[in-house]
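Chemist: Dropping a structure here in structure tokens format, bear with me for questions.
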Number of protein chains: 2
Amino acid sequence: MSSTAKALTLLSHFSATQPEIGLSQLCRIAGRDKATTYRHLQALESAGFVEQNPATKHYRLGPAMMQLAQVREATVPRKDGAKPALTALADATGETAHVTVLSGQTLYALCECEAPHHGIRAVVDLNTFPLHATASGLCVLAFGPATLFDVAIASLEEFTENTPTTEADLTALVDTVRSTGFGRANQSYEAEIQGLSAPVYDHSSQLAGAVAVACVAARFTPDLEQAIKSELVIAARDITRNWGGVIPAQIEAAWADALSYPNAVERTS
Amino acid sequence: MSSTAKALTLLSHFSATQPEIGLSQLCRIAGRDKATTYRHLQALESAGFVEQNPATKHYRLGPAMMQLAQVREATVPRKDGAKPALTALADATGETAHVTVLSGQTLYALCECEAPHHGIRAVVDLNTFPLHATASGLCVLAFGPATLFDVAIASLEEFTENTPTTEADLTALVDTVRSTGFGRANQSYEAEIQGLSAPVYDHSSQLAGAVAVACVAARFTPDLEQAIKSELVIAARDITRNWGGVIPAQIEAAWADALSYPNAVERTS
DNA sequence: TGATATGGTTCATATATTGAACCGATGTTG
DNA sequence: CAACATCGGTTCAATATATGAACCATATCA
């Protein structure tokens, strides 16, 4: 590990809950020598990556972050940050994958990717996603602003015989999503289509949207469901990372539980 | 200079106008060896500070910037406090407005706002602002720590034929800023760009940075200068207020004098 | 007053960084 | 199409640079 990489990992110890850290404290957290840590902080400070609170001498993230984040945002718009993960997801699952973004009270399609594996495949052709009947919508209801639930029950349009049409039905579905970390729509929007989704987050620490897989129901087996879920987790982490967000710990925990990998954080890059 | 500092300065070469840079190109820009630059980029990539465009192999700023900027903003919420005033300033003047923050001996760009009024407008695309050649820099020299003046005269790079290149020239400019309360850069950094700035303060009662307007020189008239100055005062007061600071009485007095509104404190919201 | 924190500094040691030269691939050009 | 240029990436000997135990100066507290 290069000394540069070591210096940079120091930055990862700053967070909203612990925004300012003293030298000795940071040494303990990072498990590194004090002189070394001090020099690393000096280097970071010279580049504006950290600065010292003049009053306490504690260190905090510096102003250069703001400038660089602006350039990053101008360089990689949101859609581009989702596309690679989406194609990987479609390829790995062999099913159609798509990403939705929540804007206000509406869930919009951002982009979509069809896997070429099968002659029969789901085609996602929506501008806006009904909250109560799609996997992405349920995901947003479960993890997004609470006010959305009222919006959803105000228009419980019945698309298929599986569409939830009562508040009780919808509450039950959303509760399941909350406990598993995955949105699931069993032919509730279109017959013969099974949807599975996972939430994605952005820099605001709020839910930003969902990533989902639409699967032809005839192919849907417990094995495929497990496979899709584990790929969804990878895609959701990737997109969230590109959008500057973090997956809430409780959702990571729910995923780990649902996938029966009690301690799974096997891919963080 | 530590290798970490060298690696970090690579990041400053990325900008909105040049968001992606190839290895060889970056070596030329940074004036460093290719192997070294490559390893530095590897270290930066491992921390998510840069990433490679898979298609072109060119490097660009990475997703980690977004997360860190989020934490920084949560720690020192400056950008949110500056943005409304900045858009109002850009809108009222019809020119490009920006805010800079002083950290240590370096003046960083915090955010920028372009007015849509004109087809031709200034584009601020800087990571750090030279102290001697920009309106914001002169403002900081005039009202910030005295030690900055030594830093400034240590590197009097000549950007245009109007750039001050002697200590005497710079002293004269800074004295003018002190007596008027406004930083002014008449095409001293870029030809055809007139800069005007005002200091902003934070809770520490120290100078925190500057708010500035970059104006296309061809449009610059005495009337516009007066208009920009009075808008700058409004913006500087607003930002200072949001950052928990107070404008020193002597600067308020200088402003009132310069604007020929002897008792002007007519808008403080 | 002594014990224990803190942020910051020193210096011999040796480890990690450096850059000229090199490689294979791709693209240009007369 | 062969010669040339440029690209991203790699190698290895030379050495510049990072390292950490011990050490300050200062502040806090019992």
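The values are calculated or read from the model by the stated rules, or taken from the named source; none is laboratory data. Because the structure is predicted, anything quoted here is derived from the model rather than measured. In this analysis, Cβ positions are derived from the backbone assuming ideal geometry, glycine residues included, and neighbour counts consider all displayed protein chains. These accessible areas exclude ligands, DNA and RNA; they are computed on the full protein's heavy atoms, side chains included. Shrake-Rupley method; radii C 1.70, N 1.55, O 1.52, S 1.80 Å.
Chemist: With the structure loaded, tell me whether A:A74 is modelled with pLDDT under 90, within 16 Å of DNA strand C (Cβ to nearest atom) and surrounded by fewer than 19 Cβ atoms within 10 Å (Cβ to Cβ) or whether it fails that test. Outline the logic, then answer.
Modeler: Details: modelled with pLDDT under 90: yes; within 16 Å of DNA strand C (Cβ to nearest atom): no; surrounded by fewer than 19 Cβ atoms within 10 Å (Cβ to Cβ): yes.
Spelling it out, it is not the case that A:A74 is modelled with pLDDT under 90, within 16 Å of DNA strand C (Cβ to nearest atom) and surrounded by fewer than 19 Cβ atoms within 10 Å (Cβ to Cβ).
Chemist: Right, here's the next one. Looking at the range B:74-105, which of the residues that are among the charged types (D, E, K, R) and part of a helix (DSSP H, G or I) is nearest to the other protein chains (Cβ to nearest Cβ)? Working first, answer last.
Modeler: First pass over the range B:74-105, keeping only residues among the charged types (D, E, K, R): B:78-80, B:83, B:91, B:95.
From what is left, the residues that are part of a helix (DSSP H, G or I) are B:79-80, B:83, B:91.
Values: B:K79: 6, B:D80: 11, B:K83: 11, B:D91: 20 Å.
Top of the filtered list is B:K79.
Okay, residues lined up against (1) modelled with pLDDT under 90; (2) out of contact with any helix residue (DSSP H, G or I) (no Cβ under 7 Å at 6 or more places or on another chain); (3) within 11 Å of DNA strand C (Cβ to nearest atom):
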position	(1), (2), (3)
A:Y38	no, no, yes
A:R60	no, no, no
A:R78	yes, yes, no
A:G81	yes, no, no
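Chemist: Of the residues A:T56, A:T37, A:T9, only one is of a type in the set (S, T, Y) and within 26 Å of the chain's Cα centre (by Cα); which?
Modeler: Values: A:T56 fails: within 26 Å of the chain's Cα centre (by Cα); A:T37 fails: within 26 Å of the chain's Cα centre (by Cα).
The match here is A:T9.
Chemist: Return the only residue of B:R32, B:R28 being more than 11 Å from chain A (Cβ to nearest Cβ), within 26 Å of the chain's Cα centre (by Cα) and open to solvent by 50 Å² or more (accessible area, probe 1.4 Å).
Modeler: Details: B:R32 fails: within 26 Å of the chain's Cα centre (by Cα).
After ruling out the rest, the residue left standing is B:R28.
Chemist: Moving on. If a residue counts only when it is within 13 Å of DNA strand D (Cβ to nearest atom), among the β-branched types (V, I, T) and over 20 Å from A:G244 (Cα atoms), which helices (runs of 4 or more DSSP H) contained entirely in the range A:1-73 have at least 1 such residues? Spell out the reasoning first.
Modeler: Numbers: elements: A:3-11, A:23-30, A:34-46.
The qualifying helices (runs of 4 or more DSSP H) are A:3-11, A:34-46.
Chemist: Return the residue satisfying two criteria in turn: it lies in the range B:13-25 and is under 13 Å from B:H58 (Cβ atoms) and of a type outside the set (A, V, I, L, M, F, W, C), and of such residues it is nearest to the other protein chains (Cβ to nearest Cβ).
Modeler: Within the range B:13-25, the subset under 13 Å from B:H58 (Cβ atoms) is B:13-14, B:18-25.
From the residues that got through so far, the ones that are of a type outside the set (A, V, I, L, M, F, W, C) too are B:13, B:18-20, B:22, B:24-25.
Details: B:H13: 10, B:Q18: 9, B:P19: 4, B:E20: 7, B:G22: 14, B:S24: 20, B:Q25: 16 Å.
Residue satisfying both the conditions and the ranking: B:P19.
Chemist: Take the residues in the range A:226-269 that are at pLDDT 90 or above and among the small types (G, A, S), then tell me which one is farthest from A:Q206 (Cα to Cα).
Modeler: A:A227
Chemist: If a residue counts only when it is modelled with pLDDT under 90 and surrounded by fewer than 17 Cβ atoms within 10 Å (Cβ to Cβ), which helices (runs of 4 or more DSSP H) contained entirely in the range A:128-225 have at least 3 such residues?
Modeler: Working: elements: A:135-143, A:147-153, A:167-180.
Because the criterion is at least 3 residues that are modelled with pLDDT under 90 and surrounded by fewer than 17 Cβ atoms within 10 Å (Cβ to Cβ), the helices (runs of 4 or more DSSP H) in the range A:128-225 that meet it are A:147-153.
Chemist: Determine whether the range A:148-171 contains at least one residue that is in contact (Cβ under 8 Å) with a residue 40 or more places away in the chain and farther than 21 Å from A:W255 by Cβ. Even if it seems obvious, please write down each step before you answer.
Modeler: Going through the range A:148-171, the residues in contact (Cβ under 8 Å) with a residue 40 or more places away in the chain turn out to be A:148, A:151.
Those still in the list that are farther than 21 Å from A:W255 by Cβ too: A:148, A:151.
The answer is yes, given that some residue of the range A:148-171 is in contact (Cβ under 8 Å) with a residue 40 or more places away in the chain and farther than 21 Å from A:W255 by Cβ.
Chemist: Could you check B:L107 against (1) assigned by TED's automatic domain parsing to the domain that holds B:I193; (2) open to solvent by 10 Å² or more (accessible area, probe 1.4 Å); (3) not β-branched (V, I, T) and say which number it fails?
Modeler: Condition not satisfied by B:L107: (2).
Chemist: Can you name every residue in the range B:37-56 that is hydroxyl-bearing (S, T, Y), open to solvent by 10 Å² or more (accessible area, probe 1.4 Å) and more than 7 Å from every other protein chain (Cβ to nearest Cβ)? Write out each step before concluding.
Modeler: First pass over the range B:37-56, keeping only residues hydroxyl-bearing (S, T, Y): B:37-38, B:46, B:56.
Those left that are additionally open to solvent by 10 Å² or more (accessible area, probe 1.4 Å): B:38, B:46, B:56.
Residues satisfying the conditions are B:Y38, B:T56.
Chemist: Here's something else I'd like to know. In the list A:T17, A:T93, which residue meets the criterion of being away from DNA strand C (no atom under 16 Å from the Cβ) and in the same structural domain as A:G244 (by TED's automatic domain parsing)? Steps first, answer last, please.
Modeler: Working: A:T17 fails: in the same structural domain as A:G244 (by TED's automatic domain parsing).
After applying the criteria, what remains is A:T93.
Chemist: Could you list, in sequence order, all residues of the range A:93-104 that are polar (S, T, N, Q) and open to solvent by less than 30 Å² (accessible area, probe 1.4 Å)? Explain how you work it out, then say what you get.
Modeler: So in the range A:93-104, the residues polar (S, T, N, Q) come out as A:93, A:96, A:100, A:103.
Listed by number, the residues that qualify are A:T93, A:T96, A:T100.
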